[in-house]
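Colleague: After the structure tokens below, expect a handful of questions from me.
The values are calculated or read from the model by the stated rules, or taken from the named source; none is laboratory data. Owing to the predicted nature of the structure, the values given are computational and were not obtained by experimental measurement. Methodologically, a virtual Cβ is constructed for each residue, glycine included, from the backbone with ideal geometry; neighbour enumeration extends over all protein chains shown. Ligands, DNA and RNA are excluded from the accessible area calculation, which covers all protein heavy atoms including side chains. Shrake-Rupley method; radii C 1.70, N 1.55, O 1.52, S 1.80 Å.
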Amino acid sequence: MLETLTQTISNTDFTVNRTNIVRWLRPFAANTPTFYLLFVIPFAFAGYFALLLFPLLSLWLFLKLTEFLFFPATYQHWTYPLMIISVLILCSLISIALARLRFASRAGVSVSIEKTPRLSRLVKGLQQHYGNPRLEKILITRRDEVKISHTPVSGFPIRFRNTLEIGLSALLCTSPIEFRGMLAREVAKLASQKNPVTGWMLSLTGQWENYRNCLERRGNIILKPLTFFFHYYSPLYSAVAFFAARRAETRADRYTLEVMEDDDAITSMIQTIIFQHFLREQYWPLVINQPRDGKHRIFLPYKKMSQTMRKNVKDEDIERWVEQELCKFGDTSTTLPPLQTRLHLLGHEKPVYPPALEKTAAEEYLDEAMLQLLINSFDKSWIRKAGLQH
């Protein structure tokens, strides 16, 4: 710390990047949080302004053109209306292209109340507790997390679809109470009445990134100005709104205490760290690099996931992974606060380790037939993607 404060001006890094922007804003956000939020709001609205500029400009120019047609004597030359028509055509083309822009949904299996009654009841109960935030559908995905995506219906930032994306790995590697904690945290984040300002700013982080990715992948040449804008605006907004988003994440941890005890909330947090580290560092590397010579039986990842985790996760692994998370401070790549901070805000200085995994959330909230259908489907999909034959 002393070395940082006493370094010379020539040694200071003035490069404009995410890490430095967050570092520059840290004292402002910590000492004057209200003024910091007022500072972030114009950055948040810049994205809306960019997307709605061309439709609103088209409407205004159309009214101007109509005024000329009804009151031609007002204008001395035809140059002005011709200029209006030219700009109107350009703005209309951009507006039409925006209206036709479609955002890809994450790959997964859509489930309904009829197919997953127990899971649906759990989700519905949490929605009712947190003020009935809107969810269009539930999707079981290949990811190892529970997340609610906020996807625009078109290029205009007016209507959105909220999709609950549940990683099959999360169901297979957590207990029912741990999974409930993961789910409650995401539903609470979606409930805008809980934290309307910071929650909105957190959702915009993913929303503007969605626009950036979609415009870069699918935007045609007429949308190049918007593609260029969001290429720089999305990461800039994410950096500027970093502390507002982190505050929303911190509050989401506290909101889980409304539906469970603090020890259960912390074990949910720790179990998420355990199974994600295990899958990413040990399980998937071995699965991906398994022999493909045709002499060995193919190891099906989802079929064996729960069993393998129960047998292969050691106490020393758990302690090492949790210690790694406890030592993480100043990580600006994620809005999720450091584990030490999350524990402290829940009234704990040390983590509460989860008991050995017995009954999984998948076994609790999915019928046996539905669970096997999902496992078989995901295993077959993985085999096709890996280019293997079973």
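Colleague: Scan segment 189-196 and tell me whether some residue there is modelled with pLDDT under 90 and among the hydroxyl-bearing types (Ser, Thr, Tyr). Can you show your working first?
Modeller: If we filter segment 189-196 for residues that are modelled with pLDDT under 90, which is where we start, we get 189-196.
Those still in the list that are among the hydroxyl-bearing types (Ser, Thr, Tyr) too: 192.
Yes, there is a match, as at least one residue in segment 189-196 is modelled with pLDDT under 90 and among the hydroxyl-bearing types (Ser, Thr, Tyr).
Colleague: Shifting gears a bit: With the requirement that a residue be loosely packed, with under 14 Cβ neighbours inside 10 Å and over 16 Å from residue 270 (Cα atoms), what does segment 327-339 give you?
Modeller: Here is the first cut: in segment 327-339, the residues loosely packed, with under 14 Cβ neighbours inside 10 Å are 327, 329-331, 333-334.
Within segment 327-339, 329, 330, 331, 333, 334 meet the criteria.
Colleague: Which one of these is more than 18 Å from residue 263 (Cα to Cα) and assigned to a helix (DSSP H, G or I): 319, 323?
Modeller: On the way: 319 fails: more than 18 Å from residue 263 (Cα to Cα).
Selected residue: 323, the only one of 319, 323 that is more than 18 Å from residue 263 (Cα to Cα) and assigned to a helix (DSSP H, G or I).
Colleague: Okay, moving on. So, in segment 105-137, exactly how many residues are open to solvent by 20 Å² or more (accessible area, probe 1.4 Å), under 20 Å from the mean Cα position of the chain (by Cα) and at pLDDT 90 or above?
Modeller: 1
Results for (1) closer than 30 Å to residue 250 by Cβ; (2) over 23 Å from the mean Cα position of the chain (by Cα); (3) open to solvent by less than 30 Å² (accessible area, probe 1.4 Å), shown as yes or no for each residue.
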{"residue": "317", "(1), (2), (3)": "yes, yes, yes"}
{"residue": "325", "(1), (2), (3)": "yes, no, no"}
{"residue": "341", "(1), (2), (3)": "yes, no, no"}
{"residue": "349", "(1), (2), (3)": "yes, yes, no"}
{"residue": "359", "(1), (2), (3)": "no, yes, no"}
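Colleague: Another question, if that's okay. Within segment 54-68, identify whether any single residue is loosely packed, with under 13 Cβ neighbours inside 10 Å, part of a loop (DSSP other than H, G, I, E, B) and either at pLDDT below 80 or more than 32 Å from the chain's Cα centre (by Cα) (or both), and answer yes or no.
Modeller: Within segment 54-68, none of the residues are loosely packed, with under 13 Cβ neighbours inside 10 Å, part of a loop (DSSP other than H, G, I, E, B) and either at pLDDT below 80 or more than 32 Å from the chain's Cα centre (by Cα) (or both).
Colleague: For segment 361-386, name all the residues that are under 20 Å from residue 119 (Cβ atoms), charged (D, E, K, R) and loosely packed, with under 15 Cβ neighbours inside 10 Å. I'd like the intermediate steps shown before the answer.
Modeller: Residues of segment 361-386 under 20 Å from residue 119 (Cβ atoms): 361-378.
In the following step, the residues that additionally are charged (D, E, K, R) were identified as 363-364, 367-368.
Passing the criteria: 367, 368.
Colleague: Consider segment 361-383. How many of its residues are modelled with pLDDT under 90 and under 26 Å from the mean Cα position of the chain (by Cα)?
Modeller: Matching residues across segment 361-383 total 2.
Colleague: Output yes when any residue across segment 213-221 is within 28 Å of residue 179 (Cβ to Cβ), out of contact with any Gly (no Cβ under 7 Å at 6 or more places or on another chain) and not charged (D, E, K, R), and no when none is.
Modeller: Within segment 213-221, the first condition is being within 28 Å of residue 179 (Cβ to Cβ), and the residues that meet it are none.
There is no residue in segment 213-221 that is within 28 Å of residue 179 (Cβ to Cβ), out of contact with any Gly (no Cβ under 7 Å at 6 or more places or on another chain) and not charged (D, E, K, R).
Colleague: Quick one: in segment 69-104, of everything that is open to solvent by 100 Å² or more (accessible area, probe 1.4 Å) and under 18 Å from residue 215 (Cβ atoms), which residue is modelled with the highest pLDDT?
Modeller: Going through the qualifying residues, I end up with 100.
Colleague: Applying the selection to segment 134-162, what residues are touching a residue at least 24 places away in the same chain (Cβ under 8 Å) and of a type in the set (D, E, K, R)?
Modeller: Those that are touching a residue at least 24 places away in the same chain (Cβ under 8 Å) and of a type in the set (D, E, K, R): 134, 136, 137, 142, 143, 144, 145, 147, 161.
Colleague: Can you tell me which of (1) open to solvent by 20 Å² or more (accessible area, probe 1.4 Å); (2) within 15 Å of the chain's Cα centre (by Cα); (3) more than 30 Å from residue 223 (Cα to Cα); (4) β-branched (Val, Ile, Thr) is the one residue 148 doesn't meet?
Modeller: Every listed condition holds for residue 148 apart from (3).
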